[in-house]
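One structure is given below, encoded as structure tokens.
Bear in mind these aren't lab numbers, they're just calculated from the coordinates by the rules spelled out. None of these values were measured; they are calculated from a predicted model. Neighbour counts run over all protein chains shown; Cβ positions are idealised from the backbone, glycine included.
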Amino acid sequence: MSSLQVWIAALLTLMVFTFLYRDNPLYRLAEHVFVGLAAGYYAALEYNTVLKPNLLKPLLTDFRGNHHYLLLVPLALTLFLWWRLAPRGAWISRWTLGVLVGIYAGLGVIGALQADFFPQVQSSILPVAGPGLTPVAAVSNFLIMLGVTTTLFFFFYSVEHRGPTRVVSRVGMYFLMVSFGAAYGFTVMGRFALLIGRLQFLLMDWLKLKLG
């Protein structure tokens, strides 16, 4: 990075850190710069990697020769989506949004089943005894099966949770609390890693300090 780029990045970082005191115009300026640059970057990325090679290039180069008549449908949907910027007729963009939501919902269900649901079910069916299974692995497999079973029962409201069922439900709640705590701790550690990275940039790349 050049000296100008380092100074711009450092100033923007300090402007973001001013939010630790309170909301202020410097923080909002850095926020708007980030949102604007991110929007422009992803717009250019989508144009060069999706829209141009998959839609515009086939339509403009050899439309009749390769019979790209079906591409007129996504072209029309794209124009409908941009219609939202017009003073009137913004409701036309809802057609494209409806198509996008429906397609992504269908693809999302299939992807979730193949990538999340079935692998989780397969990973939950584990042996608790057998040849070659160490005691630690057996206990780990038992805890996984116990956690999955009790957690699912915690969300089973067709039976009132009283007596033994209340105990099973309470065990599932404890597993949920441990899971949420671990996820929260992982998130916090990730944010601390980002903070350490920005502090290292400020101290080493900007101020040229030698650490360690």
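What do you get for Rg/Rh of the chain when both radii come from the Cα atoms and Rh is the Kirkwood radius?
Rg/Rh for the chain comes to 1.11.
If I stretch the segment between residue 203 and residue 86 completely, what's the gain in nm (0.36 nm per residue apart, minus their alpha carbon distance), one decimal?
Result: 37.3 nm gained on full extension.
With r as the distance between the Cβ atoms of residue 34 and residue 69 and R0 = 41 Å, compute the FRET efficiency 1/(1 + (r/R0)^6) and round to 0.05.
Efficiency at R0 = 41 Å is approximately 0.50.
Running Debye on segment 1-79 with equal point scatterers at the Cα sites and no solvent, what base-10 log of I(q)/I(0) appears at q = 0.13, 0.14, 0.22 Å⁻¹?
Log10 I(q)/I(0), no solvent term: -0.62, -0.65, -1.00.
As a check on your grasp of the helix formula, calculate [θ] at 222 nm for the chain: sum -39500 (n - 2.57) over DSSP H runs of n ≥ 4, divide by the residue count, round to the nearest 500.
Dividing the helical sum by the residues of the chain leaves -21500 deg cm²/dmol.
In what sequence, highest mean first, do 36-45, 168-177 appear when ranked by Cβ atoms within 10 angstrom?
Top of the packing list down: 168-177, 36-45.
May I ask you to derive the FRET efficiency for residue 173 and residue 196 from their Cβ-Cβ distance with R0 = 35 Å, giving the value to the nearest 0.05?
0.50
Please give the length that would be gained between residue 182 and residue 13 if that part of the chain were fully extended, namely 0.36 nm times their separation in residues minus their C-alpha to C-alpha distance (nm, one decimal).
57.9 nm
Run the numbers on the chain and let me know its relative contact order in percent, using alpha-carbon pairs under 8 Å that are six or more apart.
Relative contact order for the chain comes out at 13 percent.
Set the Förster distance to 25 Å, then compute FRET efficiency between residue 140 and residue 110 from the Cβ-Cβ distance, nearest 0.05.
FRET efficiency, residue 140 to residue 110: 0.20.
List, largest first, the extents of the alpha carbons of segment 128-212 along their principal axes, each in whole Å.
Cα spread of segment 128-212 along its principal axes, largest to smallest: 64, 39, 14 Å.
Taking 0.36 nm per intervening residue step and subtracting the Cα-Cα distance, what contour gain separates residue 155 from residue 20 on full extension?
So the chain would gain 44.7 nm between residue 155 and residue 20.
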